[in-house]
1. Taking the range B:663-697 as the region of interest, how many residues are touching a residue at least 40 places away in the same chain (Cβ under 8 Å) and part of a loop (DSSP other than H, G, I, E, B)?
2. Go through the range A:43-71 and count every residue that is outside any helix (DSSP H, G or I) and farther than 22 Å from residue A:116 by Cβ.
3. Which residues, counting only those in the range A:219-255, are in contact with a strand residue (DSSP E or B) (Cβ under 6 Å, 6 or more places away or on another chain) and of a type in the set (Asp, Glu)?
4. Take the range B:431-470 and flag every residue that is more than 14 Å from chain A (Cβ to nearest Cβ) and in contact with an Asp or Glu (Cβ under 6 Å, 6 or more places away or on another chain).
5. Among the residues of the range A:529-542, which ones are within 14 Å of chain B (Cβ to nearest Cβ) and buried (at least 21 other Cβ atoms within 10 Å of the Cβ)?
6. Restricting attention to strands (runs of 3 or more DSSP E) lying wholly within the range B:1-107, give those where 3 or more residues are touching a Phe, Trp or Tyr at 6+ places or on another chain (Cβ under 9 Å) and more than 24 Å from residue B:616 (Cβ to Cβ).
7. Take the residues in the range A:346-392 that are among the acidic types (Asp, Glu) and within 11 Å of another protein chain (Cβ to nearest Cβ), then tell me which one is farthest from the chain's Cα centre (by Cα).
8. How about the range A:406-507: which strands (runs of 3 or more DSSP E) wholly inside it have at least 3 residues that are out of contact with any Asp or Glu (no Cβ under 8 Å at 6 or more places or on another chain), more than 20 Å from residue B:104 (Cα to Cα) and at the interface with chain B (Cβ under 8 Å from one of its Cβ atoms)?
Amino acid sequence: MTREVDPITLQVIGGALHAIAEQMGNVLYRMSYSSIIRESQDLGAGLFDKDFNTLCESDSTPMHIGSLPGYLRGIARTIPIDGWQPGDCVIHNHPYAGASHSPDIAIVMPVFFEGELIGFSANTAHHVDIGAATPGLIIDVPDMYAEGMLMDGLKLFEAGKRNEALWKFIFDNTRVPSLVKGDLEAQIASAELGVRRFQELLATYGKDQVIQATRQLMDYTESMLRREIAKIPDGDYTAEGFLDDDGRNRGKHLPIKVTVRVRGDGVEVDLTGSSDQVPTAFNVPFEGSTNVACFFAFRALLLDTYTHEEHIPQNEGSFRPVKVTAPLGSIYNPIAPVAAEARFCQIQRVVDLIIKALAPVIPEKATAGNAATLSFAAFSGVRPSGDYWVFLEVNEAAMGGRPTSDGPDTVEELMRNTRNNPLEDLGMHLPLICDRYEVRDDVAPGAGKFRGGAGVVKAQRYLTPGFMTHESDRHDDAPWGVFGGKEGAVGKLEIYNVARPDEIASEPAKFSGRRTQPGDVVAYFSPSGGGYGDPLERDPAKVLDDVLDGFITVQHALDDYGVVLDEVDDGYGWQVNAGATEARRAGRGAP
Amino acid sequence: MIRVGVDVGGTFTDVVLERTRAAGEDQQIVVHKVPSTPHDQSEGVVKGVVEICQMAGIAPGEIDMVFHGTTVATNMVIERKGAEVGMITTRGFRDILHMARHKRPHNFSLQFDVPWQSKPLVKRRNRLPVTERIMPPDGRVEVPLDTDEVKAAAELFAKRGLDAVIVGFLFAFLNDEHEQKAKEIVEAAMPDAYVCCSSEIVNVIREYERFSTCAMNAYIGPMTARYMRQLEGRLREAGVRAVVRIMQSNGGISTVENAIQRPVGLLLSGPAGGVIGGRWTGEHAGTQNVITIDIGGTSADISVIQDGELRIKNPRDTEVASLPVLVPMIDIDAIGAGGGSIAYLDPGGAFRVGPRSAGADPGPACYGKGGDEPTVTDAQVVLGRLDPEQFLGGDLAIDPALSERAIATHIAGPMGLSVTDAALGILRIINNNMALAINNNSVAKGIDPRNFSLMGFGGAGPLHGTALAELISARDVISPLQPGITAAMGLLVTDLQYEYTHSVLLVLNQAGEAEFEALNAAMDELRAQADAQLEADGIPPGARRFRKVAECRYLGQGFELRADMPEGPLGKDNVQEVIKSFFDAHQQVYGHAFEDQLTEAVTLRLIATAEVDMLRLPDLAQGGRTDPEDAVLYVRDTVFDDGEARPTPRYRRDRLLAGDRVTGPALIVQHNSTTLLPPGYAAEVLGHGDMRVAKQG
């Protein structure tokens, strides 16, 4: 038995681990080349022990946080624990061996201290193109072999020696070898930094004390989450929704059912009742994605970093109280060789339905329906030189209203938290030009005491011929309102050519490998969030603000909020008629 | 020559006066503290200046120059008390300021705030799109500016009574024709408004950051101008006829006129003085490498000086109140750790210190002003490291029994520790938090602290110096002559400094004659702007210094690093020098450089400086003694980090002479600070009275 580490040293080691993970993430995104990593920060990095427990993780995109242990377990099927040597560097992305999805490539390096394997330094990053059936992203493909290069626990370096054949194979099998090269170099630099810093930490505090401290830190994080779960009454809580389609069988909705079983200080998320696996790439790798979504939901709901003062270490402890069940062969736990690359929209909805299921028992922590989707656009083309250009763009959406505040507009919600690309940077480097990027004001966000967030509209125009794949959802099932709030709005996608702006084609949320012509404009309108609470209770001054700011119309203010506005000549145009508003609201009464 | 430095802090306004006479004659330095006047900082400033004149025995009219570090602009942003701003922007892009980079500030949160949406610098109702379109990559006009729409927008803003208006068009960094035209129209329609456009505030690529910087400038513009005028007026009324200069975020000083035009350059005006003071003290102590940590009541500001140069933050990281501001700023990291940081046990039983702070009110438990939670200061008191009679020279009465009770009740009791061990734990945790923050600003950026001296200042700095130096493995510790007023001293040792930028986006390895010509012409234009400014400041050409920088990245990367440019024009023959400089920077920051990759210059930057007179400290008389008896006040027990209480002498700092050596354990006390010397350490008094503290043997 190792002696318990005193609480002061524990804080010291915990702080050091946190700093290491942050530095690893920092090096990775600053050094990388592709915009999906450097701007969007679609990456994760951290340290792990020999049993693949997460010791610390960078505070980057939530989708990556919690996924790396799955990769490590997957790699262990190829490389046994005694198969590691100092100076090894493994590359891995197999969706049926723990990967989050195949474009999220992991780089893993072992950490040796005094000749003994102590753990791993690892990171994941989303690569722009791994040679899949269509450039950048895929939807309607037959199986996982169309996902591109699948690397299952391969050594890029073996005891410090570079595996040149593997490197060559990788560069020969992507459409953008220079981006993939630069990004892999950044990942390796980040992992090396983690190895070095972990070894320094072991040297400073001693191996036993550090290992013992990591155990206590995991226990601490676990106990913090369990405390919060225990406050929720035991019971089974259920919520349901549906996805538009699988990207091939149009109009065929895919059901999602989430049952949250709260028992004491533990919780199970059961996805039984959700759709069977689908024949396209619209499936979710269980370990690397379905699990991670459920971990995220409870951490964000119950240990919200905005309302909790204390920093709670990000480690394995936050995963332990949450058990995830999804039947084998379902969309959330598919069976190989079905493809499972386009998985984000589905897991966003898992998180949102967990929130919906629990809202009645934890209203002060919940939200109304979030957009809970993704617009992932792969723009590409071939330059006159013969080189490919591939650009992955993540378009934001909006959140639902909240117990004490409106849902944020135009923001990355739930499992994602990337940054957009500056339009000017794109314009200088790609044959694409943005024609519109604004708050969506063609529909009102869900009305409520606290309204839903307004979505986004973004229109990109091709300047040269190209290709496009779009991964999205939620054109059919609108974000819900809660506690008397109204529902939000569904998304839509329009395509037209600037030469014929009136000939607008409405497109489904998912399509793959579409050929585009110069002047083609792809306009994405994201869903808007649902409202929280009775709109008649909304402060009339806020309703007026929304009218003046153009988020809602005067008519909407009257119809949904019962707020009567009078015209006034002050440069702004409207003011609240308090008496008429009161009378109107009283007349309608509370629903 | 009589020069005065005034630094306004949250609690106190610090004033330093320096009087130099003809060569060979005595020099006089006077320091003073007056309470700050947050409702109007200029009140405290003028009071301090007038009083220090009395102390120095001079008339206010004799002061030649006043140097001022101010938090006026920063507070305006934090408290959101700026102007009502209008914006004219490109049709189709009304909400760039509302969407920002669409990343939310918290990963694991559903209830988070989005400051740029909940407290916008420009409300959506006041962001009006007009028809115009400039196209990349060459800046050609695709759709001409609709001047009627601009005029209508300006008239509407006038009717709404707005104080300030910005013009921000997409791709204006390639061609500012439309922005300038729109600005003229707005100025004609609103002659009293504060008007600026994005390309003239910061002419760089990336629309959100450029618009945000411009919006920030306009948001703080009208009231900063009012403050500056008020300050000048009050000083005049008090009989001060001196020239007034203002500290900027980049560590240079600027004229009042320039500060009014570009107030966005003032957002770190407050903490910058301390870093400059740190560099200056380092020079005195014979070290070019200093890590400074300014420890106040609620926060600590950390910065690194390498080879005698201030480190400037990467422009991708410069933000204020979560809003990006693309102006050069000294790389200063603020963390929530200071004397007032509260120690507590969280619901999961973890031992925490800060970032919650007792501030100045109620303050630490020992103040007896109603604060019953233990703070870092209380731990120092309990351990005998801060004596009640020395606390601000005895000006502030404190009660050690209250410190003890707070620690016993909240920490020692529940954890089953002795009060002493609990107090040591508080210090260990806070020191560790600070050390991690220092590492983030040094080791994480490729800096090896073993070659650096650690300088702790602010009243509490010298109490933490040796512990921090040990944690980060710094070479030694410097305790400056006046730790409590280092920032004000720094104001008197600052150069005039202006920076000008221009976007280029040029792959250096592939550039041809024409591209180099255009780049050189752009740099000449920046130089002309700088010369005009320095001319207006009355700086003779011989005293002007220029540094040319190209902010570069590997083609395809998204983050730039600074590379030095050769003095003469850039061409095929010397472009490798720039590329090499970029490689070196990349190697230092990331530990890797790729010799086979193409280097792209993104932004040209010209830094123009002019030296002004420097504060000179008088030499101390030579002592050369060891543990001088006549400087000892008394001996009392102090607990050091090993938990042992030792009889520890207190030395009066003002009785120490040059070359004197004090060996630990010892406390060296002065009015505004206490320097802690643990056993095994010794302090050496340097020529001007600064001290170098190092491990013996």
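The values are calculated or read from the model by the stated rules, or taken from the named source; none is laboratory data. It should be emphasised that the depicted structure is a prediction, and the values quoted were computed from it without experimental measurement. We place every Cβ from the backbone using ideal geometry, glycine too, and count neighbours over all the protein chains shown.
1. 8
2. The qualifying residues number 11.
3. Of everything in the range A:219-255, those that are in contact with a strand residue (DSSP E or B) (Cβ under 6 Å, 6 or more places away or on another chain) and of a type in the set (Asp, Glu) turn out to be A:234, A:236, A:240.
4. Of everything in the range B:431-470, those that are more than 14 Å from chain A (Cβ to nearest Cβ) and in contact with an Asp or Glu (Cβ under 6 Å, 6 or more places away or on another chain) turn out to be B:453, B:457, B:458.
5. A:529, A:530, A:532
6. In the range B:1-107, B:85-90 are the strands (runs of 3 or more DSSP E) which contain 3 or more residues that are touching a Phe, Trp or Tyr at 6+ places or on another chain (Cβ under 9 Å) and more than 24 Å from residue B:616 (Cβ to Cβ).
7. A:364
8. A:432-439
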